[in-house]
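Before anything else, here's the structure in question.
The values are calculated or read from the model by the stated rules, or taken from the named source; none is laboratory data. Note that the coordinates shown come from a computational prediction; the quantities given were computed from them, not determined experimentally. When we count neighbours, we look across all protein chains shown, and the Cβ atoms used for this are built from the backbone with ideal geometry, even at glycine. Accessible surface areas use protein heavy atoms only, side chains included; no ligands, DNA or RNA. Shrake-Rupley method; radii C 1.70, N 1.55, O 1.52, S 1.80 Å.
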Amino acid sequence: MTKYNMVKNAIQSKITDGTYTAHQKISSESELMKEFGVSRHTVRQAIGELVTTGWLYREQGSGTFCADRTVEKKSEHRENQKSIAIVTTYISDYIFTSIIRGAEARLSEAGYQVSIFSTNNNHENERLILGKLLNQKFDGVIVEPTKSAYSNPNLAYYLELEQQSIPYIMINAYYDELEPISIVMDDEKGGFIQTEHLINLGHRNIIGCFKTDDMQGAQRMKGFLKAHRKNNVPINPRNIITYTTEGKETKPVQELDKLLSAPNHGLTGLVCYNDEIAMKLLNVLREKNIIIPDDFSMVGYDDSFLAEISEVKLTSIVHPKSLMGEEAANTILDLINSKKNKNNDAFNRNSIVYSPELVVRTSTKDINE
């Protein structure tokens, strides 16, 4: 990135996140030179481009100020613009292709150009993407939140979407502070169903493995605990494996190996955050010559293609996948049309919550038989 682009992007970010408000004077050229360690020419080049594109304006003898972009956005004629952004944590991995395919097919059918972005479940990537969306004037945005179990540092960007009257909805999870329209699963109930299935099969010493930087994992772990309590099965805290995005490739495998290496561990069941992690953990079981389901039962989540490609056919919770994508597309289209028709009722609609169902295959067994 060139030095002037670095300065320009930093100023744009401060405008977008509310550090600079409309008609507020920005830092002087000398202050910007010192802050970024660049020449006066570089600062003037960056400011000049931001003035030309309507982000800033100059007043002779007073300095440079943040433009009122709300007025600009409202005055822009966007009737002929038909573009929608889909922001997901991942694009090509796991079930995300099915979700995106479902949304993209419906949006294309409605005549919209679809742009797809991936945050890789990273807040900084999310911030950069949201900045692009605000600059490029999309008609609507479908978002899968990044690390949704944590307080989000990019809320100002979502508030800016609202200020510019750009409809957005969230899928798979949502940022609770924003109370957005969302399309999600009842993940707490899903985790409960996974766990109670094993308890009903006689399992009492069950491992739970959950990704806890996303809302889905936190809710599924909550369901895991509730199922134990409801059925009066003691919970062993050592049997709960938690991990985050950064540790997903190593920590679950290492922790399961440690649990199964303990003498007389007595473990008979495993509840997994999703099918993807279940496949990784299945390799650990194989290495220890543990036979599924004769020696050990396991349950996945999402009923993905992974549930059936292995020689072990995985019992798993159904995720709507492409249906969720299609529902998301229909919802964002309704919001866009309601905005065009000045019908505010659509913005009061209810979110969609899918009720989980379990598909039972051969990875679980009644140990009382």
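All but one of (1) touching a strand residue (DSSP E or B) at 6+ places or on another chain (Cβ under 8 Å); (2) open to solvent by 10 Å² or more (accessible area, probe 1.4 Å); (3) closer than 22 Å to ILE99 by Cα hold for ASP275, so report the exception by its number.
Condition (2) is where ASP275 drops out.
So LYS258 passes all but one of these: (1) outside any loop (DSSP other than H, G, I, E, B); (2) out of contact with any strand residue (DSSP E or B) (no Cβ under 6 Å at 6 or more places or on another chain); (3) surrounded by 19 or more Cβ atoms within 10 Å (Cβ to Cβ). Which condition number does it fail?
(3)
Shifting gears a bit: What number of residues in segment 156-176 are in contact with a helix residue (DSSP H, G or I) (Cβ under 6 Å, 6 or more places away or on another chain) and either among the acidic types (Asp, Glu) or more than 15 Å from LYS339 (Cα to Cα) (or both)?
Here the count works out to 5.
Any residue at all in segment 21-31 that's within 33 Å of the chain's Cα centre (by Cα), under 23 Å from GLU126 (Cβ atoms) and either touching a residue at least 24 places away in the same chain (Cβ under 8 Å) or part of a loop (DSSP other than H, G, I, E, B) (or both)?
Among the residues of segment 21-31, at least one is within 33 Å of the chain's Cα centre (by Cα), under 23 Å from GLU126 (Cβ atoms) and either touching a residue at least 24 places away in the same chain (Cβ under 8 Å) or part of a loop (DSSP other than H, G, I, E, B) (or both), which makes the answer yes.
Within segment 180-197, track down each residue that is surrounded by fewer than 24 Cβ atoms within 10 Å (Cβ to Cβ), under 21 Å from THR88 (Cβ atoms) and of a type in the set (D, E, K, R).
Within segment 180-197, ASP186 is the sole residue that qualifies.
Restricted to segment 1-10, and to residues that are in contact (Cβ under 8 Å) with a residue 12 or more places away in the chain and either open to solvent by 70 Å² or more (accessible area, probe 1.4 Å) or among the acidic types (Asp, Glu) (or both), which residue is farthest from ASN154 (Cα to Cα)?
So the residue we want is LYS3.
Are there any pairs with C-beta distances below 6 angstrom linking a residue in segment 271-287 that is more than 16 Å from LYS365 (Cα to Cα) and free of Cβ contacts under 8 Å to residues at least 40 places away in the same chain to a residue that is in a helix (DSSP H, G or I) and open to solvent by 20 Å² or more (accessible area, probe 1.4 Å), with the two at least 6 apart or on different chains, and if so which?
Final answer for the pair search is MET279/LEU306; LYS280/VAL253; VAL284/VAL253; VAL284/ASP257.
Each row is one residue, and each column tells you yes or no for (1) open to solvent by less than 60 Å² (accessible area, probe 1.4 Å); (2) modelled with pLDDT under 90; (3) touching a helix residue (DSSP H, G or I) at 6+ places or on another chain (Cβ under 6 Å).
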position	(1), (2), (3)
VAL71	no, yes, no
PHE96	yes, no, no
ILE99	yes, no, yes
GLU109	no, no, no
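Shifting gears a bit: If we keep just the residues of segment 139-158 that are touching a residue at least 24 places away in the same chain (Cβ under 8 Å) and aliphatic (A, V, I, L, M), which is nearest to ASP213 (Cα to Cα)?
Here the residue is ALA149.
So which residues in segment 172-207 are of a type in the set (A, V, I, L, M) and either more than 17 Å from the chain's Cα centre (by Cα) or part of a helix (DSSP H, G or I) (or both), if there are any at all?
First, the residues of segment 172-207 that are of a type in the set (A, V, I, L, M): 173, 178, 181, 183-185, 193, 198-199, 201, 206-207.
Across segment 172-207, the qualifying residues are LEU178, ILE193, LEU198, ILE199, LEU201, ILE206, ILE207.
Let me ask something additional. Quick check, is PHE210 in a strand (DSSP E or B) and of a type in the set (Phe, Trp, Tyr)?
Numbers: in a strand (DSSP E or B): yes; of a type in the set (Phe, Trp, Tyr): yes.
Answer is yes for this residue.
If you go through segment 130-162, how many residues are of a type in the set (D, E, K, R) and touching a Phe, Trp or Tyr at 6+ places or on another chain (Cβ under 9 Å)?
Step one: filter segment 130-162 for residues of a type in the set (D, E, K, R), giving 132, 137, 139, 144, 147, 160, 162.
Applying the additional criterion that residues be touching a Phe, Trp or Tyr at 6+ places or on another chain (Cβ under 9 Å) yields 132, 139, 144, 162.
Counting residues in segment 130-162 that are of a type in the set (D, E, K, R) and touching a Phe, Trp or Tyr at 6+ places or on another chain (Cβ under 9 Å) gives 4.
Taking segment 198-219, which residues are surrounded by fewer than 20 Cβ atoms within 10 Å (Cβ to Cβ) and touching a Gly at 6+ places or on another chain (Cβ under 7 Å)?
ASN205
Inside segment 258-277, can you point out the residues that are small (Gly, Ala, Ser) and within 12 Å of VAL299 (Cβ to Cβ)?
In the first step, residues of segment 258-277 are kept if they are small (Gly, Ala, Ser); the result is 261-262, 266, 269.
Correct list: GLY269 only.
So, one more: Right, LEU267: part of a helix (DSSP H, G or I), farther than 24 Å from VAL318 by Cβ and touching a residue at least 12 places away in the same chain (Cβ under 8 Å) or not?
No.
Does segment 133-142 contain at least one residue that is β-branched (Val, Ile, Thr), crowded, with 17+ Cβ neighbours inside 10 Å, on the phi < 0 side of the Ramachandran plot and not in a helix (DSSP H, G or I)? Walk me through it before giving the result.
Taking segment 133-142 first, the residues β-branched (Val, Ile, Thr) are 141-142.
Next, from what is left, pick out any that are crowded, with 17+ Cβ neighbours inside 10 Å: 141-142.
From what's left, on the phi < 0 side of the Ramachandran plot: 141-142.
If we keep only those that are not in a helix (DSSP H, G or I) too, we end up with 141-142.
For segment 133-142, residues β-branched (Val, Ile, Thr), crowded, with 17+ Cβ neighbours inside 10 Å, on the phi < 0 side of the Ramachandran plot and not in a helix (DSSP H, G or I): present.
Still on this structure: Within segment 220-250, take every residue that is outside any loop (DSSP other than H, G, I, E, B) and polar (S, T, N, Q) and give me the one that is most open to solvent (accessible area, probe 1.4 Å).
Start the filter on segment 220-250 by keeping residues that are outside any loop (DSSP other than H, G, I, E, B), which leaves 220-230, 237-243, 245-247.
Now drop any that are not polar (S, T, N, Q), which leaves 239, 242, 245.
Working: ASN239: 11, THR242: 46, THR245: 21 Å².
In this case the residue turns out to be THR242.
For segment 11-53, which residues satisfy the criterion of being surrounded by fewer than 16 Cβ atoms within 10 Å (Cβ to Cβ), among the small types (Gly, Ala, Ser) and under 20 Å from ILE129 (Cα atoms)?
GLY18, the sole residue that qualifies.
In addition: Among the listed residues ILE84, ILE129, identify the single one that is in a strand (DSSP E or B) and surrounded by 15 or more Cβ atoms within 10 Å (Cβ to Cβ).
Working: ILE129 fails: in a strand (DSSP E or B).
The conditions single out ILE84.
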